[in-house]
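As structure tokens, the structure follows; a few thoughts come after it.
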Amino acid sequence: MKVNLEEQTFNNLRVIKMTQVKNTNSHWLCECLLCGNLTEVSRPNLRSGNTQDCGCTKSEKISSKISRHNQSKSSTWNSWFSMRRRIRVGSKHSKVYGEISMDDSWNTFENFLKDMGERPKGMSIDRIDNNKGYFKENCRWATQAEQNRNRSTNVILNFEDKSMCITDWASYLGIHRDTIRRRIKKGLPIERILETK
């Protein structure tokens, strides 16, 4: 049975997608939540906790960068550092995230902290409009559930005065999201897609 680990978090690794299967073990591309680095990890190592990050905690280079700030190893600093790694032109992150712009003032952690404040527990940096870059007016601290609803791959359905993704419509109407997806696939009109009968 194929187990989908996408969007799950194991220690300091957030799973992005499956990359390959080796010797019956699936391997997954993961983002390190400590530094933003991408790394490939096998399912057994993810689930057992044998691999908890990309290896950055052993890196003296990153440790020295972190110690320059009073925010040493804080979750806010980690979010800022990860964001900056994602936007680097030509980096391996651009294969997943594309090329993303960032407010020049945010090259300094202190300016980022002034604009965004401390990272609330259980939240991470999120772009409100995924077609735009990282800057104060387009960023917020969001939960994983909020970020999942804000993905560019989400299907947004507009009906009457409401505009929501499939998951939110399913919750609002009290029907299963797979029911909505099946109706969309059949090409039904929006009234039939969202009917509760």
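The values are calculated or read from the model by the stated rules, or taken from the named source; none is laboratory data. All values derive from a computational prediction rather than experimental measurement. Note that each Cβ is placed from the backbone with ideal geometry, even for glycine, and that neighbours are counted across all protein chains shown. Heavy atoms of the whole protein, side chains included, go into the accessibility calculation; ligands, DNA and RNA do not. Shrake-Rupley method; radii C 1.70, N 1.55, O 1.52, S 1.80 Å.
If I ask for residues that are out of contact with any Ser or Thr (no Cβ under 9 Å at 6 or more places or on another chain) and either in a loop (DSSP other than H, G, I, E, B) or not aliphatic (A, V, I, L, M) (or both), which ones from the range 163-179 would you list?
Listed by number, the residues that qualify are Ser163, Cys165, Thr167, Asp168, Trp169, Ser171, Tyr172, His176, Asp178, Thr179.
If Asn148 meets every condition in (1) modelled with pLDDT under 80; (2) in contact with a helix residue (DSSP H, G or I) (Cβ under 7 Å, 6 or more places away or on another chain); (3) not β-branched (Val, Ile, Thr) apart from one, which number is that one?
(2)
Take Ile100 and decide whether it is in contact with a Gly (Cβ under 9 Å, 6 or more places away or on another chain), at pLDDT below 85 and open to solvent by less than 40 Å² (accessible area, probe 1.4 Å).
It is true that Ile100 is in contact with a Gly (Cβ under 9 Å, 6 or more places away or on another chain), at pLDDT below 85 and open to solvent by less than 40 Å² (accessible area, probe 1.4 Å).
Filter the strands (runs of 3 or more DSSP E) completely within the range 98-162 down to those with at least 3 residues that are touching a strand residue (DSSP E or B) at 6+ places or on another chain (Cβ under 7 Å).
On the way: elements: 124-127, 139-142, 156-159.
Those strands (runs of 3 or more DSSP E) span 124-127, 139-142.
When only residues in the range 121-135 that are within 14 Å of Ser79 (Cβ to Cβ) and open to solvent by 40 Å² or more (accessible area, probe 1.4 Å) count, which is nearest to the chain's Cα centre (by Cα)?
Filtering the range 121-135 down to residues within 14 Å of Ser79 (Cβ to Cβ) leaves 121-127, 134.
Now drop any that are not open to solvent by 40 Å² or more (accessible area, probe 1.4 Å), which leaves 121-123.
Working: Lys121: 16, Gly122: 13, Met123: 10 Å.
So the residue we want is Met123.
Just one of the numbered conditions (1) assigned to a helix (DSSP H, G or I); (2) touching a strand residue (DSSP E or B) at 6+ places or on another chain (Cβ under 9 Å); (3) open to solvent by 70 Å² or more (accessible area, probe 1.4 Å) is not true of Arg182; which one?
For Arg182, the exception is condition (2).
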